[in-house]
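Here the structure is laid out as C-alpha coordinates; the discussion comes afterwards.
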Amino acid sequence: MISDRLAAYRTGPLAALLTVLLRQLRRPLAAQGVVLSDADCEAVAGRIIRREALDSGHRGALMAALIGVIEASRGALAAWGLTFEQSMLSEIGDLPYWETTGEFLEVAAEKTNAELRISAGAAALAALGDVRYGDLLLFLAAGQGGEAADVEAIIARRMLGFACGVADDAPDGLERLRACIEQAK
(Lines give C-alpha, C1' and ligand atoms only; values in the text may rest on other atoms or scores of the structure.)
Protein backbone atom coordinates (compact mmCIF):
# COMPACT_ATOMS: atom_id res chain seq x y z
CA MET A 1 0.00 0.00 0.00
CA ILE A 2 1.32 3.44 -0.94
CA SER A 3 1.36 5.86 1.96
CA ASP A 4 -0.39 9.18 1.58
CA ARG A 5 2.45 11.71 1.78
CA LEU A 6 -0.07 14.50 2.31
CA ALA A 7 -1.97 12.85 5.18
CA ALA A 8 -0.07 14.78 7.86
CA TYR A 9 -1.10 18.07 6.22
CA ARG A 10 -4.73 16.97 5.83
CA THR A 11 -5.21 15.52 9.28
CA GLY A 12 -2.48 16.90 11.54
CA PRO A 13 -3.36 19.29 14.34
CA LEU A 14 -3.82 22.86 13.10
CA ALA A 15 -1.50 24.17 15.81
CA ALA A 16 1.30 21.94 14.53
CA LEU A 17 0.66 23.07 10.96
CA LEU A 18 0.69 26.74 11.94
CA THR A 19 3.85 26.17 13.97
CA VAL A 20 5.55 24.84 10.84
CA LEU A 21 4.41 27.88 8.84
CA LEU A 22 5.73 30.29 11.46
CA ARG A 23 9.05 28.41 11.63
CA GLN A 24 9.37 28.60 7.85
CA LEU A 25 8.90 32.35 8.07
CA ARG A 26 11.25 33.00 11.00
CA ARG A 27 14.04 34.60 8.95
CA PRO A 28 11.83 36.91 6.86
CA LEU A 29 9.81 37.80 9.96
CA ALA A 30 13.03 38.69 11.78
CA ALA A 31 13.92 40.97 8.86
CA GLN A 32 10.57 42.68 9.54
CA GLY A 33 11.41 43.08 13.24
CA VAL A 34 9.59 40.07 14.72
CA VAL A 35 12.00 37.55 16.18
CA LEU A 36 10.50 34.18 17.10
CA SER A 37 12.25 31.16 18.61
CA ASP A 38 10.98 27.65 17.91
CA ALA A 39 9.24 27.73 21.29
CA ASP A 40 7.68 31.11 20.43
CA CYS A 41 6.35 29.73 17.14
CA GLU A 42 4.76 26.81 18.95
CA ALA A 43 3.29 28.98 21.72
CA VAL A 44 1.91 31.60 19.32
CA ALA A 45 0.44 28.95 17.02
CA GLY A 46 -1.22 27.20 19.97
CA ARG A 47 -2.77 30.43 21.23
CA ILE A 48 -4.05 31.33 17.77
CA ILE A 49 -5.63 27.93 17.16
CA ARG A 50 -7.18 27.89 20.64
CA ARG A 51 -8.49 31.39 19.79
CA GLU A 52 -6.76 32.82 22.83
CA ALA A 53 -5.89 36.48 22.66
CA LEU A 54 -2.32 37.42 21.89
CA ASP A 55 -0.91 40.53 23.49
CA SER A 56 -2.25 43.28 21.21
CA GLY A 57 1.22 44.70 20.55
CA HIS A 58 2.60 41.28 19.67
CA ARG A 59 -0.41 40.46 17.50
CA GLY A 60 -0.17 43.76 15.65
CA ALA A 61 3.58 43.41 15.13
CA LEU A 62 3.20 39.84 13.87
CA MET A 63 0.42 40.80 11.47
CA ALA A 64 2.38 43.80 10.16
CA ALA A 65 5.48 41.62 9.71
CA LEU A 66 3.51 38.95 7.84
CA ILE A 67 2.07 41.61 5.53
CA GLY A 68 5.59 42.99 5.02
CA VAL A 69 6.93 39.54 4.10
CA ILE A 70 4.05 38.91 1.69
CA GLU A 71 4.35 42.31 0.02
CA ALA A 72 8.14 42.06 -0.33
CA SER A 73 7.71 38.65 -1.95
CA ARG A 74 4.97 39.92 -4.24
CA GLY A 75 7.35 42.72 -5.19
CA ALA A 76 10.06 40.19 -6.07
CA LEU A 77 7.64 38.42 -8.41
CA ALA A 78 6.36 41.71 -9.82
CA ALA A 79 9.93 42.60 -10.80
CA TRP A 80 9.64 39.71 -13.27
CA GLY A 81 6.20 40.87 -14.36
CA LEU A 82 4.45 38.07 -12.47
CA THR A 83 1.58 37.93 -10.05
CA PHE A 84 1.57 35.17 -7.45
CA GLU A 85 -0.89 33.15 -9.52
CA GLN A 86 1.16 33.56 -12.71
CA SER A 87 4.32 32.59 -10.87
CA MET A 88 2.74 29.43 -9.47
CA LEU A 89 1.81 28.37 -12.99
CA SER A 90 5.08 29.29 -14.67
CA GLU A 91 8.16 27.16 -15.00
CA ILE A 92 11.45 28.67 -13.96
CA GLY A 93 12.93 27.79 -17.34
CA ASP A 94 10.30 30.01 -18.97
CA LEU A 95 11.60 33.11 -17.18
CA PRO A 96 14.01 35.15 -19.30
CA TYR A 97 16.13 36.36 -16.39
CA TRP A 98 18.94 33.80 -16.48
CA GLU A 99 21.63 32.64 -18.87
CA THR A 100 24.02 30.55 -16.80
CA THR A 101 23.33 27.63 -14.52
CA GLY A 102 24.26 29.80 -11.53
CA GLU A 103 21.76 32.47 -12.58
CA PHE A 104 19.12 29.79 -13.15
CA LEU A 105 19.63 28.50 -9.61
CA GLU A 106 19.41 32.03 -8.18
CA VAL A 107 16.19 32.74 -10.07
CA ALA A 108 14.77 29.36 -9.04
CA ALA A 109 15.54 29.98 -5.38
CA GLU A 110 14.15 33.52 -5.42
CA LYS A 111 10.95 32.48 -7.24
CA THR A 112 10.36 29.47 -5.00
CA ASN A 113 11.09 31.42 -1.81
CA ALA A 114 8.74 34.23 -2.85
CA GLU A 115 5.93 31.77 -3.60
CA LEU A 116 6.47 29.95 -0.29
CA ARG A 117 6.60 33.16 1.72
CA ILE A 118 3.42 34.44 0.10
CA SER A 119 1.46 31.23 0.61
CA ALA A 120 2.75 30.56 4.14
CA GLY A 121 2.41 34.21 5.16
CA ALA A 122 -1.12 34.51 3.80
CA ALA A 123 -2.12 31.27 5.55
CA ALA A 124 -0.66 32.42 8.88
CA LEU A 125 -2.33 35.81 8.50
CA ALA A 126 -5.65 34.09 7.80
CA ALA A 127 -5.25 32.05 10.97
CA LEU A 128 -4.94 35.38 12.78
CA GLY A 129 -8.31 36.35 11.29
CA ASP A 130 -7.08 38.59 8.45
CA VAL A 131 -8.16 37.23 5.06
CA ARG A 132 -6.97 40.16 2.94
CA TYR A 133 -4.99 37.63 0.86
CA GLY A 134 -7.92 35.24 0.78
CA ASP A 135 -8.10 35.31 -3.02
CA LEU A 136 -4.54 33.96 -3.20
CA LEU A 137 -5.36 31.26 -0.68
CA LEU A 138 -8.58 30.40 -2.47
CA PHE A 139 -6.60 30.05 -5.72
CA LEU A 140 -4.43 27.47 -3.96
CA ALA A 141 -7.28 25.80 -2.05
CA ALA A 142 -9.17 25.27 -5.31
CA GLY A 143 -6.16 23.41 -6.72
CA GLN A 144 -5.41 26.07 -9.32
CA GLY A 145 -1.76 26.34 -8.30
CA GLY A 146 -0.88 23.17 -10.17
CA GLU A 147 0.29 19.76 -9.07
CA ALA A 148 3.42 21.12 -7.43
CA ALA A 149 1.25 23.11 -5.00
CA ASP A 150 -0.63 20.22 -3.42
CA VAL A 151 0.76 20.91 0.07
CA GLU A 152 0.02 24.62 -0.28
CA ALA A 153 -3.53 23.78 -1.40
CA ILE A 154 -4.18 21.76 1.74
CA ILE A 155 -2.66 24.40 4.01
CA ALA A 156 -4.64 27.18 2.30
CA ARG A 157 -7.89 25.24 2.62
CA ARG A 158 -7.32 24.40 6.28
CA MET A 159 -6.22 27.88 7.37
CA LEU A 160 -8.99 29.61 5.42
CA GLY A 161 -11.43 27.10 6.87
CA PHE A 162 -10.19 27.91 10.37
CA ALA A 163 -10.51 31.65 9.73
CA CYS A 164 -13.98 31.33 8.19
CA GLY A 165 -15.38 28.56 10.39
CA VAL A 166 -15.68 26.11 7.47
CA ALA A 167 -14.92 22.45 8.16
CA ASP A 168 -12.13 20.89 6.08
CA ASP A 169 -14.50 18.27 4.70
CA ALA A 170 -17.50 20.52 4.08
CA PRO A 171 -18.95 19.50 0.69
CA ASP A 172 -19.63 23.13 -0.21
CA GLY A 173 -16.42 24.30 1.45
CA LEU A 174 -14.92 26.26 -1.43
CA GLU A 175 -18.14 28.16 -2.02
CA ARG A 176 -18.40 28.99 1.66
CA LEU A 177 -14.76 30.12 1.72
CA ARG A 178 -15.41 32.35 -1.31
CA ALA A 179 -18.42 33.87 0.44
CA CYS A 180 -16.38 34.48 3.60
CA ILE A 181 -13.64 36.23 1.63
CA GLU A 182 -16.13 38.35 -0.29
CA GLN A 183 -17.86 39.34 2.92
CA ALA A 184 -14.52 40.38 4.46
CA LYS A 185 -13.70 42.72 1.55
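Determine whether segment 119-133 contains at least one residue that is over 21 Å from Ala45 (Cβ atoms) and either without any contact (Cβ under 8 Å) to a residue 12 or more places away in the chain or out of contact with any strand residue (DSSP E or B) (no Cβ under 9 Å at 6 or more places or on another chain) (or both). No: segment 119-133 contains no residue that is over 21 Å from Ala45 (Cβ atoms) and either without any contact (Cβ under 8 Å) to a residue 12 or more places away in the chain or out of contact with any strand residue (DSSP E or B) (no Cβ under 9 Å at 6 or more places or on another chain) (or both).
Let's see how each residue does on (1) of a type in the set (Phe, Trp, Tyr); (2) assigned to a helix (DSSP H, G or I); (3) at negative phi; (4) modelled with pLDDT of 95 or more:
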| position | (1), (2), (3), (4) |
| --- | --- |
| Ser3 | no, no, yes, no |
| Ala8 | no, yes, yes, no |
| Thr19 | no, yes, yes, yes |
| Arg23 | no, yes, yes, yes |
| Pro28 | no, yes, yes, yes |
| Val35 | no, no, yes, yes |
| Ala39 | no, yes, yes, yes |
| Val44 | no, yes, yes, yes |
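Looking at the structure I just gave you, is Val166 within 24 Å of Gly75 (Cβ to Cβ), open to solvent by less than 40 Å² (accessible area, probe 1.4 Å) and of a type outside the set (D, E, K, R)? The answer is no for Val166. Mind checking which pairs have a first residue in segment 94-112 that is under 12 Å from Ala79 (Cα atoms) and a second that is among the polar types (S, T, N, Q), Cβ under 8 Å, 6 or more apart or different chains? Once the first residue is under 12 Å from Ala79 (Cα atoms) and sits in segment 94-112, its partners that are among the polar types (S, T, N, Q) give Lys111/Ser87.
The set of residues from segment 27-53 being of a type outside the set (Asp, Glu), surrounded by 16 or more Cβ atoms within 10 Å (Cβ to Cβ) and touching a residue at least 12 places away in the same chain (Cβ under 8 Å) comprises Pro28, Leu29, Gln32, Val34, Leu36, Cys41, Val44, Ala45, Gly46, Ile48, Ile49. Residue check: Arg158 meets all listed conditions (1) open to solvent by 40 Å² or more (accessible area, probe 1.4 Å); (2) under 17 Å from the mean Cα position of the chain (by Cα); (3) basic (Lys, Arg) but one, namely (1). Check whether at least one residue in segment 92-100 is under 11 Å from the mean Cα position of the chain (by Cα) and open to solvent by 10 Å² or more (accessible area, probe 1.4 Å), and report yes or no. No, segment 92-100 contains no residue that is under 11 Å from the mean Cα position of the chain (by Cα) and open to solvent by 10 Å² or more (accessible area, probe 1.4 Å). Taking the criterion of being closer than 16 Å to Ile49 by Cα and open to solvent by less than 50 Å² (accessible area, probe 1.4 Å), the residues of segment 17-26 that qualify are Leu17, Leu18, Thr19, Leu21, Leu22. Residues in segment 106-131 that are of a type in the set (D, E, K, R), surrounded by fewer than 18 Cβ atoms within 10 Å (Cβ to Cβ) and either modelled with pLDDT of 95 or more or within 12 Å of the chain's Cα centre (by Cα) (or both): 1 in all. Tell me, which helices (runs of 4 or more DSSP H) lie completely within segment 50-148 with 2 or more residues that are under 23 Å from Pro13 (Cβ atoms) and of a type in the set (A, V, I, L, M)? Filter on segment 50-148 gives 56-78, 101-127, 134-141.
Scanning segment 149-169 for residues being part of a loop (DSSP other than H, G, I, E, B) and either touching a residue at least 24 places away in the same chain (Cβ under 8 Å) or in contact with a Lys or Arg (Cβ under 6 Å, 6 or more places away or on another chain) (or both) gives a total of 2.
The values are calculated or read from the model by the stated rules, or taken from the named source; none is laboratory data. Quick caveat, the model's predicted, so the values are computed rather than measured. Methodologically, a virtual Cβ is constructed for each residue, glycine included, from the backbone with ideal geometry; neighbour enumeration extends over all protein chains shown. Surface areas here come from the heavy atoms of the whole protein model, side chains and all, with no ligands, DNA or RNA. Shrake-Rupley method; radii C 1.70, N 1.55, O 1.52, S 1.80 Å.
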